[in-house]
Each structure stands twice: as structure tokens, then as C-alpha cells.
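Everything below concerns the one structure shown next.
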């Protein structure tokens with residue numbers, strides 16, 4: 001069976017790509033990402049786990065905003081030298097393009113923190129670069145993933161989602177008319193985490209014609225929901241089998257101090273962070289409070305008061321949160337690399353925040369996914385990723401919707 005040929009833009013460390021590979025139905029032609037650690041992580045995984053020998057050539061580290069060079073090749077002091085996407089794709093047909101531009105400019109939290117409401121952030125318009133690639137290769141379909149906040153973002157005074165929808169339409173693609181219906185709760189699909197994202201499936205007008213709108217309705221309201229789980233996965237399901245791991249004290253090698261231990265208990269990226277003695281006591285107390293059923297520190301007001309008492313600072317949001325054994329985790333964010341106060345391990349004996357490996361499991365990454373770079377790099381790329389558990393479901397659903405097996409070939413649903 002010939003596989004459907006896919007390209008991944010804003011690939012990060014490969015959360016979307018991993019699910020498409022796991023489905024066994026797609027061939028990854030190329031991935032585009034501009035940060036070094038995610039590129040190295042993705043290329044290493046594609047080669048070592050999926051057997052893609054030229055993975056380091058297929059993962060292109062470059063700024064997608066420099067689209068002409070991305071297509072034709074570049075010689076660059078920062079990004080090195082490459083022949084470009086056109087050379088890599090060659091005479092192959094790109095069937096589907098997947099990816100999601102960075103979401104920080106659209107997120108409600110990001111807009112609250114920024115004094116200008118993220119209106120001046122260049123990332124508001126990275127979708128234009130995404131669509132330039134789509135227009136170049138004219139796939140039969142694309143997947144555009146982002147945060148639900150994109151539905152309310154108005155960096156120019158006009159809803160950005162309307163601008164994006166017009167861009168899709170002008171490029172020759174049909175998407176769901178009411179994109180609020182495209183918001184997906186990943187916890188309903190077996191991801192042990194409360195995380196919602198907008199998943200926009202675009203279908204080529206040229207290829208699908210009048211069938212496009214009906215196919216989209218079938219996808220969102222029938223096919224994709226058929227993959228929902230009956231019982232949500234919990235923190236215990238995800239990390240409950242891991243051996244106990246304790247926070248390091250001040251960790252030094254010579255004169256250099258490290259922020260985490262090198263002890264992994266046999267799992268890659270399963271290193272405990274360094275926490276102050278004060279924080280360890282707070283973590284243990286908060287986790288014990290929940291374990292004993294006292295629940296004195298579960299309200300926002302109680303947690304904000306505790307934070308002020310122990311630090312002398314005032315916060316508008318509560319800084320502490322213990323993830324619950326028997327519930328999905330709270331959102332795993334990219335800024336988890338800054339601190340782990342809102343992702344405290346539920347075992348009071350361990351008195352620490354979650355490790356990179358635990359964050360990865362809560363995002364649905366398999367244990368053979370090794371994250372390259374610093375611990376901060378790893379937390380950041382995991383928080384930015386699409387959970388592979390959902391990505392595999394997405395890949396399978398799209399395949400069933402648009403592609404039918406026919407001997408050793410695949411046949412896309414025919415034009416109207």
C-alpha cells in the first residue's frame with residue numbers, strides 16, 4: 001500500500017507528525033521548524049524509531065517567513081545551507097499539509113499578560129506563511145491546529161479568524177463555516193490532560209468540489225467523535241507506574257550548579273528538578289492535604305493566601321496546583337520550563353514538580369521519545385506539542401474520510 005504523503009509545518013518536536021507516523025498510513029516527506037532542539041529531537045526520533053534514514057535531510061531548520069528561500073534553498077549564517085523544499089519534494093505529490101503556527105499571540109493568557117494584548121506580535125500573521133506553502137504544493141487537504149483563543153483574537157480590530165478563513169477561501173480551500181465547532185477537548189480522546197485545541201481541516205475546492213462541505217460535516221460531527229473514549233484517562237494511568245523520584249538538593253559538579261539530577265531511573269528525561277527546602281515542604285503539605293481529604297488548600301483564595309504568607313509576594317493567580325491522581329492533569333504549558341509550581345506531583349513523599357518524562361506522558365508521548373537539549377528546551381517543546389495520542393486518531397479519521405484502500409495503491413475520493 002502506498003502511503004499518503006504528508007508535510008509538517010511549524011513541526012516543533014513532532015507531536016502531530018508522531019501520530020501520523022503511528023497510524024502507519026502516512027509518509028513524512030518534510031518537516032519545517034526553526035528552533036534547534038526540536039529539530040534535533042524530531043530528526044533523531046524519525047531516524048531511530050521510524051527508520052527514516054534521511055530524517056536529518058527531511059527535517060528542515062529554517063524560518064518559514066523566508067518562504068521563497070524555503071522553497072528554493074538557502075545559504076545562511078544561522079541556518080546553514082540547504083537545497084530547499086522544492087528539491088526535497090521533487091516530483092512527488094504532497095497529499096496533506098499539517099501543522100499549527102505558534103499560538104502565543106492568540107492565547108487569552110498571552111493577551112492578558114502583554115500590555116498591548118499581543119496586537120504587535122508578528123506571530124499573529126504566521127498563518128500567511130503556512131498558506132504560502134499550501135498554495136505552493138496544493139495538497140488535497142490541510143490540518144491547521146491552534147488554541148481556541150484564535151476565535152476571539154482581534155490584533156487589527158477585526159477577528160483574526162475571519163481573516164484566516166478568507167485566506168483559506170482565497171487559496172481554494174473549504175473549512176467548516178462555524179469554526180467554534182472545530183474546538184476539540186483532547187481529554188475526550190484518551191489524552192490524560194485537560195487540553196482543548198481548534199483543529200481546522202481544510203479541503204481543496206478543486207479536488208472535492210461540492211462534496212467538501214458534506215465531508216467536513218461528516219468529519220466533525222460523526223467520524224471524529226466516534227473515536228471518543230468512554231472513560232477519561234487520568235494522571236494515575238499516565239504516570240502511576242513510575243518509581244518514586246525525589247528532588248535533588250543543590251546539585252553541583254565542581255563549581256557548576258545544575259537545576260536537576262542526572263538520575264533517570266532508566267527512563268530518558270526522567271530527572272527531578274532542584275527545589276528549595278521551603279518549596280519541598282509546601283509541595284508535601286499540599287499533596288498531603290489532598291491525600292488526607294482535608295482539602296484546606298484547594299480553593300484559589302486559600303492558595304493565593306498561602307503564596308503570600310510564604311513568599312511575601314502577592315499574585316493575581318494562585319501559583320500552586322497539585323495534579324490529581326484520579327483526574328486528567330491540568331494543561332501542560334510551554335512555560336512549564338520556568339517553574340513547576342502548578343504541576344506538583346500528587347505523591348506527598350516525593351515533594352516535587354513533575355519531570356520532563358512525566359510531562360511527556362501526560363502529553364501522550366511514548367517513552368521512546370527522547371527530548372534533545374536542555375531540560376528547559378524539553379519542557380517547552382512538550383508544552384507546545386499536539387499530543388500524539390490525539391494525532392494518531394486525527395490521522396486515522398482523516399484517512400478514513402478522504403482515502404480508501406485499493407490493493408497496493410490508495411485512491412482519494414473522486415471529484416464531484
**Asked** Percent antiparallel among DSSP beta bridges with both residues in the chain, to the nearest 5?
**Response** 55
**Item:** Cα gyration tensor category, rounded, prolate or oblate, for region 330-396 with a/c compared to 1.5
**Value:** prolate
**Message:** Which of 16, 179 has the fewest other C-beta atoms within 10 Å, and how do the rest follow up to the most?
**Reply:** 179, 16
**Prompt:** By count of other Cβ within 10 Å, fewest leading, how are 75, 52, 354 ordered?
**Reply:** 75, 52, 354
**Request:** For residue 93 and residue 400, compute 0.36 nm times the residue count separating them, minus their Cα-Cα distance, and round to one decimal in nm.
**Result:** 108.6 nm
**Asked** Nearest 10 degrees, 0 to 90: what angle lies between the long axis of helix 36-48 and the longest principal axis of the chain (Cα atoms)?
**Response** 70
**Asked** If you take the beta carbon distance between residue 317 and residue 152 as r and set R0 to 22 Å, what does 1/(1 + (r/R0)^6) give as a FRET efficiency, to the nearest 0.05?
**Response** 0.65
**Complete:** So, relative contact order of the chain in percent, Cα under 8 Å, 6 or more apart, is 19
**Asked** Pairing the Cα long axis of helix 375-384 with the longest principal axis of the chain, what angle in degrees results, from 0 to 90 and rounded to the nearest 10?
**Response** 50
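Would you mind getting the Kirkwood hydrodynamic radius of region 235-384 from its Cα pairs, rounded to one decimal in Å?
15.8
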**Simple spin-label estimate for residue 171 and residue 128 in nanometres, 7 Å along Cα-Cβ** = 1.3
**Message:** Please compute the modelled spin-label separation between residue 222 and residue 309, points set 7 Å along Cα→Cβ, answer in nm with one decimal.
**Reply:** 5.8
**Asked** Would you list 204, 353, 177 from fewest to most Cβ contacts within 10 Å?
**Response** 177, 204, 353
**Complete:** Under the rule rounded for a/c under 1.5, else prolate if a/b exceeds b/c, else oblate, using alpha carbon gyration tensor axes a ≥ b ≥ c, region 40-98 is classed as oblate
**Message:** Can you compute the FRET efficiency between residue 205 and residue 244 using 1/(1 + (r/R0)^6), with r the Cβ-Cβ distance and R0 = 41 Å? Round to the nearest 0.05.
**Reply:** 0.15
**Item:** 10 Å binning of all Cα-Cα separations within the chain, expressed as whole percents from 0 upward
**Value:** 4, 21, 30, 26, 14, 5, 1, 0
**Prompt:** How far is helix 388-402 tilted off the main Cα axis of the chain, in degrees rounded to 10, range 0 to 90?
**Reply:** 20
**Prompt:** What's the center-to-center distance, using Cα atoms, between region 12-33 and region 283-310 in Å?
**Reply:** 41
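The numbers here are math on the coordinates, done by the rules we state, and not lab data. Bear in mind the structure is a predicted one, so any value in this text is a computation, not a measurement. Don't worry about glycine lacking a Cβ; one is built from the backbone with ideal geometry, like all the others, and counts go over all protein chains shown.
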